[in-house]
Structures are given as structure tokens and as C-alpha cells.
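Notes for the one structure printed next.
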Amino acid sequence: MMSFGSALSRWRKRLLGALVVVWTAGFVATHVPPATLPSIAAVGDKRLHFAGYFFLTGMFALTLVAHGLRPLRRTVVAVISMMAYGAIDELTQPLCRRSASAVDWLADVAGALAAVAIVEASLALVRRRRGGA
């Protein structure tokens, strides 16, 4: 029986392409000057940070699965990459008349951690149901 990672490997290029598009769109969105953006008060800035990094990290983790990284390695790679990217994202925002925020970064990290936990738990459940495949 084929493992989920093996099945996902057939989608490697598509996942990587989608990840590049999403990551680029996220970077652009977080660097648009605030005067040109719609109000987000109803949703909340921290919720958007959490959701954005949750989605980005989930896609990143699935891309790493498709490329054959083992669970511990992909967890470390995904979490450290997102922590570093979130910091860079925050630190470069002042260049675009936006403010850097440690609390925004913490929301980014929380979203990344939640995504990795859900992806890894889901994969473990799939492996368990398939009898360890």
C-alpha cells in the first residue's frame, strides 16, 4: 500500500508552485502601505497573522512531505523557517510605512506551530489507519 507521502510526491511540482504563489502574495500583502488597505478591525490583525502563517506553514509542511522529508526534520525546518521568515517579514515592514511588531510575530509563530501540529497529527493518524504504511 502506498504511503500518503508517496502519493503526495506526485504533486511535488504543483505544491511547490502553489507555495511560491501563496508565499509571494503574502509577502506583497504584508508590505503594501497601510493607507491602501481596507480596514481589518472587524477581523483583527492578530487573527490575520495567525491565519496567514497557519495556511502558509501548512502548505510548506505538505510540500516538505511531498519532497520526502522525515517528520522530525520537516517539523524543525518548517518551524524554524517560519520563525525566521516571520521576523524578516516584520523587520522589513517599516520600509513600506508599516510597523514592526513582536506581538504580530508571536501570532505568526503561533499559526505556524498550530499548522505543523495539525499536519503532523493528521499524517500520524493516516499512517496509523493504514497500518503504519
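The values are calculated or read from the model by the stated rules, or taken from the named source; none is laboratory data. Everything numeric in this text was worked out from a predicted model, so none of it was measured. Reconstructed Cβ throughout: ideal geometry from the backbone, glycine too, with neighbour counts over all protein chains shown.
Within the group A87, A112, which residue is modelled with pLDDT of 90 or more, surrounded by 12 or more Cβ atoms within 10 Å (Cβ to Cβ) and farther than 30 Å from L125 by Cβ?
The match here is A87.
For the stretch 70-108, what are the residues that are acidic (D, E) and over 12 Å from the mean Cα position of the chain (by Cα)?
D89, E90, D104
Collect the residues in the stretch 115-126 that are out of contact with any Phe, Trp or Tyr (no Cβ under 7 Å at 6 or more places or on another chain) and surrounded by fewer than 18 Cβ atoms within 10 Å (Cβ to Cβ), keeping them in residue-number order.
Matches in the stretch 115-126: A117, I118, E120, A121, S122, A124, L125.
Which number in (1) surrounded by 12 or more Cβ atoms within 10 Å (Cβ to Cβ); (2) at pLDDT below 95; (3) assigned to a helix (DSSP H, G or I) marks the one condition that R98 misses?
Only one criterion is unmet by R98, namely (3).
Do we have any residue at all in the stretch 21-41 that's closer than 17 Å to V119 by Cα and surrounded by 14 or more Cβ atoms within 10 Å (Cβ to Cβ)?
Within the stretch 21-41, not a single residue is closer than 17 Å to V119 by Cα and surrounded by 14 or more Cβ atoms within 10 Å (Cβ to Cβ).
Which condition does G131 not pass, out of (1) at pLDDT below 95; (2) assigned to a helix (DSSP H, G or I); (3) not hydroxyl-bearing (S, T, Y), if it passes all the others?
G131 satisfies every listed condition except (2).
Check V32 against each of (1) in contact with a helix residue (DSSP H, G or I) (Cβ under 9 Å, 6 or more places away or on another chain); (2) at pLDDT 90 or above; (3) of a type in the set (A, V, I, L, M, F, W, C) and name the one condition it does not meet.
Of everything listed in (1) in contact with a helix residue (DSSP H, G or I) (Cβ under 9 Å, 6 or more places away or on another chain); (2) at pLDDT 90 or above; (3) of a type in the set (A, V, I, L, M, F, W, C), V32 misses just condition (2).
Looking at L56, L72 in this structure, which one is of a type outside the set (G, A, S) and either surrounded by fewer than 16 Cβ atoms within 10 Å (Cβ to Cβ) or free of Cβ contacts under 8 Å to residues at least 24 places away in the same chain (or both)?
Step by step, each of L56, L72 is checked, and only L72 is of a type outside the set (G, A, S) and either surrounded by fewer than 16 Cβ atoms within 10 Å (Cβ to Cβ) or free of Cβ contacts under 8 Å to residues at least 24 places away in the same chain (or both).
Mind telling me which of the residues G58, G5, G26, G17 ends up being closer than 20 Å to V126 by Cα, modelled with pLDDT of 90 or more and out of contact with any Pro (no Cβ under 6 Å at 6 or more places or on another chain)?
G58
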